[in-house]
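Read-outs throughout are calculated quantities, based only on the coordinates presented, and are distinct from any laboratory measurement. Note that the structure is predicted; figures quoted are calculated from it, not measured. Here the Cβ is made from the backbone with ideal geometry for all residues, glycine too, and neighbour counts use every protein chain on show.
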Amino acid sequence: MARKKKLCRTFILVLLLLLIVAGGAGVCYYILSGAGMVLPHAFEDVGEFPGIPGISDRQVQNGFAENLCVSAEGNVPLEGVSQEAAQYGGLFDLEGKRILYGQRLYEKLYPASITKIMTAVIALKYGNLTDQVTVSQEALILEEGSQLCGFRAGDQLTLEQLLQGLLIYSGNDAAAAIAEHVGGTQENFVQLMNQEVARLGMTNTHFTNPHGLQDTEHYTSVYDIYLMLNEAIRYPKFVEIIQMNSFSVQFRNTLGQERSFYLESTDYYLLGEATEPKGVTVLGGKTGTTDEAGNCLALVSQNEYGKTFISIVTNALDKPQLYEQMNQMLERINS
């Protein structure tokens with residue numbers, strides 16, 4: 001009798017063990033197979049987002065572009081706005097998240113000093129505005145004809161002062177000094193720039209320097225300029241500086257002697273040499289000019305209702321054409 005009870009208990013224990021093992025295997029299969037898991041975005045990749053190389057449907061549906069202006073078309077017509085075939089341009093409604101106008105939005109172009117928007121973003125992201133920066137001799141080795149603030153080796157300025165020289169006067173020496181200070185070397189700084197390019201989804205952009213001097217491997221697109229400037233205006237100091245029409249900077253040289261500069265903006269709107277349409281407030285932006293890039297301007301403006309827009313014109317023949325075409329766009333933001 002005792003033996004029968006012992007066998008019964010053994011049988012029950014074995015049966016329970018088998019049930020536990022089977023249940024555990026079922027749970028593992030359930031988890032590994034994904035059954036019962038609720039995914040926030042259950043869909044399949046079906047290739048790249050039309051018109052924007054490198055941005056997949058998955059990225060878009062995951063919220064990559066939910067706060068951005070997006071268009072599947074490289075050309076978006078707008079009544080009253082026209083550019084020559086070789087030019088590039090775009091008008092972006094930041095609050096409405098709409099592209100109001102676009103010409104060759106995703107095509108490769110040379111950015112010239114528009115590059116300095118990204119230089120400022122990296123400086124503001126990784127640097128300290130109160131840092132004391134000593135300008136090196138290497139930072140002054142730039143091609144003949146470069147736009148220069150006029151710094152000399154050994155000059156000591158704050159990072160904020162260099163940012164003013166970078167964004168207001170578009171000094172290439174300021175860009176090189178910032179890059180060396182923040183990145184350790186200009187090469188390391190450029191790596192940071194391209195990392196930010198990837199983070200922002202600027203799929204048609206590659207930078208080789210912090211200032212925008214011509215290089216065939218240094219390029220961007222209108223849409224990527226929008227992404228870059230849209231990121232830059234998240235920094236209050238950037239917005240503060242681009243609204244300045246001039247700046248006075250006092251600093252010391254390597255001997256401890258005081259030096260000072262007074263430099264004016266390269267933006268004709270801020271200087272009063274170009275007039276924006278009635279009801280439009282130009283906050284500021286970034287200019288750029290090289291033989292290969294033509295005359296360029298990326299601008300942040302507000303309409304009479306306080307709504308913010310980014311407008312971009314590149315490869316204009318000259319300054320009159322540049323500002324005439326920019327005004328064509330600005331005239332439409334109160335419509």
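Computed over region 220-263, the P(r) curve from all C-alpha pair distances, binned at 5 Å from the origin, holds 5, 17, 15, 14, 14, 13, 11, 8, 3, 0 percent per bin. Counting 0.36 nm for each residue step from LYS307 to GLU143 and taking away their Cα separation leaves a gain of 55.0 nm. How much of the calculated P(r) for region 139-189 lies past 15 Å, in percent of all Cα pairs? Percent of Cα pairs beyond 15 Å in region 139-189: 39.
When a footprinting reagent is the concern and you count Cβ atoms within 10 Å, what order do LEU129, LEU68 take, fewest first? By the 10 Å Cβ count, ascending, the order reads LEU129, LEU68. Just so you know, the averaged projected area of the alpha carbon convex hull for region 91-185 sits at 7.8 nm². Ranking of LYS125, LYS278, LYS116, LYS286 by neighbouring Cβ atoms within 10 Å, starting from the fewest: LYS278, LYS125, LYS116, LYS286. Three principal axis extents of region 161-268 based on alpha-carbon atoms, in descending order, are 46, 30, 24 Å. Principal axis extents of the Cα atoms in region 227-333, from largest to smallest and rounded to whole angstrom, are 53, 34, 27. Using only alpha carbon pairs under 8 Å that are at least six residues apart, calculate the relative contact order of region 172-320 and give it in whole percent. Over region 172-320, the number comes to 13 percent. Overall dimensions of region 90-145, expressed as equivalent-ellipsoid semi-axes from the Cα gyration tensor (√(5λ), whole Å, largest first), are 33, 19, 7. With K and R counted +1 and D and E -1, the other residues having a Cβ less than 11 Å from that of LEU192 yield a net charge of 0. Between ASP215 and GLU258, the simple label model (points 7 Å from Cα in the Cβ direction) yields a spacing of 3.9 nm. Sparse packing (at most 16 other Cβ atoms within 10 Å of the Cβ) combined with a DSSP loop state is found for the following trypsin sites (Lys or Arg not before Pro) in region 189-244: ARG234.
Counting Lys +1, Arg +1, Asp -1, Glu -1, what net charge surrounds GLY74 among other residues with beta carbon under 10 Å of its beta carbon? Combined, the nearby Lys, Arg, Asp and Glu give -1.
Can you give the local net charge around VAL300? Use residues other than it whose beta-carbon is closer than 15 angstrom to its beta-carbon, Lys and Arg +1, Asp and Glu -1. Residues near VAL300 contribute -1 overall.
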